[in-house]
Protein chains: 2
Amino acid sequence: MDPHLLRSFVAVVERGSFSAAAQALGYTQSAVSQHIAALEADLGTPLLRRRPVGPTEAGERLMEHARPLLLRLEAARADLARLTRVRPARLTLACAPAALTPALADALAGLRRAAPGLAVEVRVLGRDEAVRAVLTGAADLALVTGAAAPSDPLPLPDAGPMTTRAAAEEPLAVLLPASHPLAGRPALRLTDLADARWIDAPDTAVPLAELRAAARSDGFEAQVTYGGTDLRGLGMLVAAGHGLAALAPGVAEGLAGTVAVRVSAPRLVHRTEIVHPRDPDEPVRALVAALTG
Amino acid sequence: MDPHLLRSFVAVVERGSFSAAAQALGYTQSAVSQHIAALEADLGTPLLRRRPVGPTEAGERLMEHARPLLLRLEAARADLARLTRVRPARLTLACAPAALTPALADALAGLRRAAPGLAVEVRVLGRDEAVRAVLTGAADLALVTGAAAPSDPLPLPDAGPMTTRAAAEEPLAVLLPASHPLAGRPALRLTDLADARWIDAPDTAVPLAELRAAARSDGFEAQVTYGGTDLRGLGMLVAAGHGLAALAPGVAEGLAGTVAVRVSAPRLVHRTEIVHPRDPDEPVRALVAALTG
DNA sequence: CTAAATTACGACAGTCGTAAATATC
DNA sequence: GATATTTACGACTGTCGTAATTTAG
């Protein structure tokens, strides 16, 4: 189970082709074929069906291990690299769409006043991507969001040591089309909407799986899935009646044709959490202080 | 970062010696020396101080990654092996000391009545060891214990997909010497004992780090550390006044010279959790049903 | 028949063990 | 000076690419 072999395996599954994977990894297709053969011989079971190329049951299972494994390998390398590198005068922030609030903008402004030479890069990413960016050293700090019971932490992928800290807890809200029968209500119960049509927008709003878990309820089935990290686009779909989404009330304002209604029960919050390496640079510490102070 | 190299690195750190590590792994010292040199060259930084042998700062950091990485590698292999193996007529149960209760004994009795040919093996292990046993296929089922807020899950190492489920929640109790001033109380507040002398018995009672986290409090400093998984021995130490320990009230009975007093605040429970692979065999399902039904 | 994966095979790199050298307590 | 790690070196295994072969649509 050499990491190189796992990398090839993942690439083949992702692309559905030996040749495409080989090209992406800079190998010949022959080499990739040998990699898969070596893995299958090592594990004693076929991992891929050929023509069309796809994972077997064992292959599916291996994929669930291979990705976190490769991520942690990257994270370990980045972690050691952080110990020796010279700190560049740049702060990279991986930010969930709903975490990009006036409070964050103000905190960044304060930071830039305090450190005029500091270059700041903000990247809007989904939760796993954001955590991954911190772990691999691509970002210095991440702000991720989700729904949880009050003061409960968000479920984050555990691929290495990192520090997490609550930045904000707001009421949870449901984004409805302005024409929705419940749009005028001051508040609503989430369970009343379990059988409604929802949009699963895991990188933009609260992932539906998390909503189900937090509400300890079934339902919340997705009719439509929305990729990417653009809130406005999600608002368009909600306004057009494709389904509902769970959000923080603040970020839901200004989405034309929609109304955000607070969730009164079960008692859930929209939580923003800070994720950073255990040994943050000074600008990171300052920003964290500004966001939690 | 070949896993073989990481394995050698971990072995050297654990044993504090290249030669001892080589012997344990079936290599020559020379090979292990080359492994470490290769790792250090790859990561571009020294990982070990020599004479005496010990990890550098970067080495400490690498250790935090290497162990979970190797565990997940084992877990992946075991996971795939489970898909193809023939199920043996044997159930191996990895069990925390405090999980070995009359309820468990009864459930096992019921299982053996229902499946007379089934061999049962019970191994008493600490939490991480128990989870590790399930992940690597050494055990079919684990019962782990700890302290948490009511209905909160225990913090378990995340090294692969597994199913966890609450088996029991009892009040949390503190084990005191019979002569302790608080021994007669019907209940006590944990925070009153934050500055008491504690014994850290992570594999036998509630780990102190977990107690601190659950109580959201500092304190609970260990004067004495107790390894192993024998409750009676821990009782001896408590009775002799070496310190206190947190436990479930049921398991604390019959420890001579000690008294268990219930914790009334903060609201915490002693929780027993079931851990098993996602695709449990029939006897495992039956036992889980008996324990949660 | 064509696109794509596998197999055969030679060149090369990497890893092991033996043994000599070197460093530390 | 004894013990332990490192280095040198030869043997061997494993992995890559090229190219021929097989297979499935």
Residues in the range A:18-38 that are more than 7 Å from DNA strand D (Cβ to nearest atom) and open to solvent by 30 Å² or more (accessible area, probe 1.4 Å) total 9
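Would you check if B:Q29 is closer than 26 Å to A:E74 by Cβ and within 9 Å of DNA strand C (Cβ to nearest atom)? Let's see the steps before the verdict.
Values: closer than 26 Å to A:E74 by Cβ: no; within 9 Å of DNA strand C (Cβ to nearest atom): yes.
Considered against the rule, which asks whether it is closer than 26 Å to A:E74 by Cβ and within 9 Å of DNA strand C (Cβ to nearest atom), B:Q29 comes out as no.
Of all residues being in contact with a Gly (Cβ under 7 Å, 6 or more places away or on another chain) and closer than 25 Å to B:S264 by Cα in the range B:128-172, which is least open to solvent (accessible area, probe 1.4 Å)? Just the residue, please. It would help to see each step written out before you state the result.
From the range B:128-172, those in contact with a Gly (Cβ under 7 Å, 6 or more places away or on another chain) are B:135, B:154, B:170; that's our starting set.
Applying the additional criterion that residues be closer than 25 Å to B:S264 by Cα yields B:154, B:170.
Working: B:L154: 13, B:E170: 54 Å².
Filtering first and then ranking leaves B:L154.
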With the condition kept exactly as written, say whether any residue in the range A:100-107 is surrounded by fewer than 16 Cβ atoms within 10 Å (Cβ to Cβ) and aliphatic (A, V, I, L, M).
yes
Is it true that B:P202 is in contact with a Leu (Cβ under 6 Å, 6 or more places away or on another chain) and either part of a helix (DSSP H, G or I) or touching a residue at least 12 places away in the same chain (Cβ under 8 Å) (or both)?
no
What number goes with the only condition from (1) surrounded by 16 or more Cβ atoms within 10 Å (Cβ to Cβ); (2) more than 14 Å from chain B (Cβ to nearest Cβ) that A:L62 does not pass?
(2)
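Name the one entry in B:L247, B:L237, B:L255, B:L231 that is of a type outside the set (D, E, K, R) and modelled with pLDDT of 90 or more.
Working: B:L237 fails: modelled with pLDDT of 90 or more; B:L255 fails: modelled with pLDDT of 90 or more; B:L231 fails: modelled with pLDDT of 90 or more.
Matching residue, one of B:L247, B:L237, B:L255, B:L231: B:L247.
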Candidate set from the range A:44-59 (those that are within 7 Å of another protein chain (Cβ to nearest Cβ) and part of a helix (DSSP H, G or I)); member that is least open to solvent (accessible area, probe 1.4 Å)
A:A58
How many residues are within 7 Å of chain B (Cβ to nearest Cβ) and small (G, A, S) if we restrict to the range A:76-86?
1
Exclusive hit being away from chain A (no Cβ under 14 Å), within 16 Å of DNA strand C (Cβ to nearest atom), part of a helix (DSSP H, G or I) and over 30 Å from B:A166 (Cβ atoms), set B:A41, B:A37:
B:A37
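Evaluate the following for B:P97: is it away from DNA strand D (no atom under 12 Å from the Cβ) and touching a strand residue (DSSP E or B) at 6+ places or on another chain (Cβ under 8 Å)? Outline the logic, then answer.
Details: away from DNA strand D (no atom under 12 Å from the Cβ): yes; touching a strand residue (DSSP E or B) at 6+ places or on another chain (Cβ under 8 Å): yes.
Taking the combined requirement at face value, the residue satisfies it.
Can you tell which of B:A173, B:A178, B:A147, B:A167 is farther than 24 Å from B:A105 by Cα and of a type in the set (A, V, I, L, M, F, W, C)? Even if it seems obvious, please write down each step before you answer.
Numbers: B:A173 fails: farther than 24 Å from B:A105 by Cα; B:A147 fails: farther than 24 Å from B:A105 by Cα; B:A167 fails: farther than 24 Å from B:A105 by Cα.
Answer to the selection: B:A178.
The values are calculated or read from the model by the stated rules, or taken from the named source; none is laboratory data. Here the structure is a predicted model, which is why all the values come from computation and not from measurement. Neighbour counts run over all protein chains shown; Cβ positions are idealised from the backbone, glycine included. Accessible surface areas use protein heavy atoms only, side chains included; no ligands, DNA or RNA. Shrake-Rupley method; radii C 1.70, N 1.55, O 1.52, S 1.80 Å.
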